Amino acid sequence: MKLRRGIAVTTTEYGGVLLDEKDGSYWQLNDTSVIVVEALAAGQTPEAAVDRIVAEFDVERAEAEADVAELTRQLVEAKILRP
């Protein structure tokens, strides 16, 4: 998966932001969403993002897997990520 061209990712002290440079729309991300987006943008698998989330946060693996799958689905549906 890759981010669509023209999508910028910026981290903030509150998480992060995805910015569509073409039309100016943006999406606010929490800390775990930033991990997922950064991993996918770097060419890593969703499973790599799950591994990092489980290592950094107090969350069960099954919950992290479900959350990563749902976020990935939403980003593909919004045409932010390309499969």
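The values are calculated or read from the model by the stated rules, or taken from the named source; none is laboratory data. Note that the coordinates shown come from a computational prediction; the quantities given were computed from them, not determined experimentally. Glycine also receives a Cβ, built like all others from the backbone with ideal geometry; neighbour counts cover every protein chain displayed. Just so you know, the surface numbers come from the protein's heavy atoms only, side chains and all, with ligands and any DNA or RNA stripped out. Shrake-Rupley method; radii C 1.70, N 1.55, O 1.52, S 1.80 Å.
Report the net charge of residues surrounding LEU81, where surrounding means a beta-carbon distance below 10 angstrom and charges are Lys +1, Arg +1, Asp -1, Glu -1. Net charge around LEU81: +4.
Couplings 3J(HN,Hα) of the range 22-30, computed from phi: 6, 10, x, 6, 9, 10, 8, 10, 7 Hz, in residue order, whole Hz [Karplus 6.51 cos²θ - 1.76 cosθ + 1.60, θ = phi - 60°; x for Gly and Pro]. Each residue of the range 42-48 is assigned a 3J(HN,Hα), and the resulting list reads 8, x, 7, 7, x, 5, 5 Hz, derived from the Karplus form 6.51 cos²θ - 1.76 cosθ + 1.60 (θ = phi - 60°), x at Gly and Pro. Computed per residue of the chain from DSSP H runs no shorter than four, each worth -39500 (n - 2.57), the mean residue ellipticity at 222 nm is -15000 deg cm²/dmol. Hey, got a sec? Which GluC sites (Glu not before Pro) in the range 41-76 land in a DSSP loop and have at most 11 other Cβ atoms within 10 Å? Filter output for the range 41-76: GLU60. The residues of the range 1-45 present an accessible area of 64 Å² per residue when probed at 1.4 Å with all protein chains retained. Short-range pairs are left out: with C-alpha atoms under 8 Å and at least six residues apart, the relative contact order of the chain is 29 percent.
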